[in-house]
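Heads up, the thing below is written out as structure tokens.
The values are calculated or read from the model by the stated rules, or taken from the named source; none is laboratory data. Quantities reported herein were computed from a predicted structural model and do not represent experimental measurements. All Cβ positions, glycine included, derive from the backbone under ideal geometry; neighbour counts span all protein chains shown. Only protein heavy atoms, including side chains, enter the accessible area calculation; ligands, DNA and RNA are left aside. Shrake-Rupley method; radii C 1.70, N 1.55, O 1.52, S 1.80 Å.
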Amino acid sequence: MKCEAHNEVSPAEIDIPSIRAKYREERQKRIRPEGQRQYVRPSGDASQEFAADPHLPIEAREPISEDIDVIVLGGGFGGLLASYYLTKQGVTNFRNIDSAGDFGGVWYWNRYPGIQCDNESYCYLPILEETGFMPSKKFADGWEIQGYCREIAEQFGFAEQAVFHTLITTLRWDAEIQRWRIATNRGDEFRARFVVMACGVLNMPKLPGIPGINEFRGKLFHTARWDYDYTGGSYGKPELDKLQDKRVALVGTGATSIQAVPHLAEWAKELYVVQRTPSSVDERPNPPTDSEWVKTLQPGWQQERQDNFHRGAMEAFAPGEQDLICDFWTEISRNMNAKLEARGWPQLSMEEFMEMREVEDYLLMERMRRRVEQSVDDPETAEALKPYYRFMCKRPLSSNEYYPAFNRPNVKLIDVAETQGLERLTETGFVANGEEHEVDCVIFASGFEVTSDLERRWGMEAVEGRDGLSIYDHWRDGPVTLHGTMTHGFPNQFFVGYYQGGINASVTEQFGRQGEHIAYIIAEALRRGATYVEASSEAQDAYVQKFEEMVPDQSAFQADCPPSYFNNEGESNPKWGLFRPWGPGWNDFMAMLQAWRESGDLQGLIVENRE
């Protein structure tokens, strides 16, 4: 069935200059001068709840002391895919280390009610053809995704060597032994030739620095540490029956909140949803996977689908290309193609193309705002839930149950845009807009440290390369790399994440290709008997200069965006911004890396062969 364009809003129906002014007004009233510092690490009793693993008990074990080829920091998709590609290269003497109790990364920790993938599972879940796995529906449930993470590790033979419930405290390059000394909170010392930093972007939960957070006498927890003992129900069966006599406040209205609110609304005696900035929330058709469709799939189908999704979500469809995803992620590109086809595919300059895309952006967001009006009965609540910003300023979401939840008599939206957040917690509740609300439980859906400084995200005491150089100082003003995966002064160390490279709409595809590149270099070093490999300063400088010359200027776009983790709480040019891509696009970046590998000479690397 052909995917049709949306034509619900026409350009004649909206006043773009007025909407643009509204976007900037809404942004400005939410900006806080302290930026990322508005979020804190908890202390006191809250820190104990925050640090605990509510899912699996931590089992005692003896400290490990060993020499090893590779340590992969992380058991989420970044670490899993680095390990998968190491295995494909014949490198098997490695371990994954993670603070969680199993593989999964954010899918291990996040077990809140309603958790699902929020972009299509057939693209998001990686290496489906290689494993033979097929998600049960378009947006897979969290438990299915976490189980798939474990399945990847088991199928490719590296599950049993992983070390869980273990925090890295220090990583230091030891020039005497030409290895990384890695210390942990369990008394371990790993002496690794290579280290892969696959720590993820959703690994360190954050709490808003609300006055009184340690004085609140009720229950307090983060959604990444959901407490089913308190709420009732269980992972995969969220019947929150213990909340029937409880007054609950949920702080935050991002991806987690949109999925959890309908369940909390159904079970809690009273639910306050505390919102600084509303999300854009489209409909969510989530049919089960069609077994007849699966039978039609040909080899290479997932790569084709991921490529199609990437073009639709982040670049542009080719003339006549079918939209295989057909949802809100690809709507702008789908609508543009329909209009360009109707005009006979005129040749557009880049400026003309971007102007046309901007108009489609305004039309899509107007459609999102009208959806709020159609779904929420109370006009004041509906107006507060409308997203006034550009598409992709915040992560776009989908739910069929979120907006209707606000029509329930036990649910109240508390909009705190004017005060940029809650004013304070008291012993018995919270204060917002000068009014105190008594609650029994406060749940923080406040997200993770995504674009904040490395110390906040990684939480390690020291990461020190050659001559004691700290990565925190080396990257104080943002990353400097070769290929987005290596940096001078840190031999045999590699990075998976958003560091000066190509960006793909499927984060797992992006992390996987980084892992593939890293695994090739490690395997080549081992095959050549190299003691270490390291980006030369000359190659790094040349790469950084080229990257910065080509990276798109997004300052005008960011001027229309409210503060969020996408822009490190309102920065116009965040040094750790997620969307600073390789200018010519993903395919060009992949072709560059492929050509580099095929040349076989490890150009730009210092390769040392002495013991």
Legend entry - Elements of type helices (runs of 4 or more DSSP H) contained in the range 371-487, each with 3 or more residues being over 27 Å from the mean Cα position of the chain (by Cα): 379-384
Legend entry - Given (1) at negative phi; (2) crowded, with 23+ Cβ neighbours inside 10 Å, index of the condition residue 252 fails: (1)
Inset, instruction - Scan the range 374-381 and give yes if some residue there is touching a residue at least 24 places away in the same chain (Cβ under 8 Å), closer than 22 Å to residue 24 by Cα, buried (at least 17 other Cβ atoms within 10 Å of the Cβ) and among the polar types (S, T, N, Q), otherwise no. - result: yes
Legend entry - Residue, farthest from residue 367 (Cα to Cα), within the range 233-287, restricted to residues that are over 25 Å from the mean Cα position of the chain (by Cα) and part of a loop (DSSP other than H, G, I, E, B): 245
Inset, instruction - Take the residues in the range 483-526 that are touching a Gly at 6+ places or on another chain (Cβ under 6 Å) and over 22 Å from residue 94 (Cβ atoms), then tell me which one is surrounded by the fewest Cβ atoms within 10 Å (Cβ to Cβ). - result: 489
Legend entry - Condition check for residue 94: in contact with a helix residue (DSSP H, G or I) (Cβ under 8 Å, 6 or more places away or on another chain), closer than 29 Å to residue 305 by Cα and modelled with pLDDT of 95 or more: no
Inset, instruction - Keeping to the range 341-358, report how many residues are among the aliphatic types (A, V, I, L, M) and closer than 17 Å to residue 313 by Cα. - result: 2
Inset, instruction - Could you list all residues from the range 167-183 that are modelled with pLDDT of 95 or more and polar (S, T, N, Q)? - result: 170, 178
Inset, instruction - Count, please, the residues in the range 391-432 that happen to be modelled with pLDDT under 95, of a type in the set (Lys, Arg) and surrounded by fewer than 22 Cβ atoms within 10 Å (Cβ to Cβ). - result: 2
Legend entry - the range 292-311, residues that are outside any loop (DSSP other than H, G, I, E, B) and either open to solvent by 40 Å² or more (accessible area, probe 1.4 Å) or free of Cβ contacts under 8 Å to residues at least 24 places away in the same chain (or both): 292, 293, 294, 295, 296, 303, 304, 307, 308, 311
Legend entry - Tabulated pairs, the range 595-609, first under 19 Å from residue 541 (Cβ atoms), second in a helix (DSSP H, G or I) and open to solvent by less than 60 Å² (accessible area, probe 1.4 Å), C-beta under 6 angstrom, 6+ apart or interchain: 604/539
Legend entry - Residue ID - surrounded by the most Cβ atoms within 10 Å (Cβ to Cβ), chosen from residues in the range 116-161 that are polar (S, T, N, Q) and assigned to a helix (DSSP H, G or I): 146
Legend entry - Top-ranked residue of the range 332-360 - restricted to ones that are touching a Lys or Arg at 6+ places or on another chain (Cβ under 9 Å) and acidic (Asp, Glu), ranked as least open to solvent (accessible area, probe 1.4 Å): 360
Inset, instruction - Only one of these is buried (at least 17 other Cβ atoms within 10 Å of the Cβ), farther than 18 Å from residue 55 by Cα and touching a residue at least 24 places away in the same chain (Cβ under 8 Å): 172, 186, 191. Name it. - result: 186
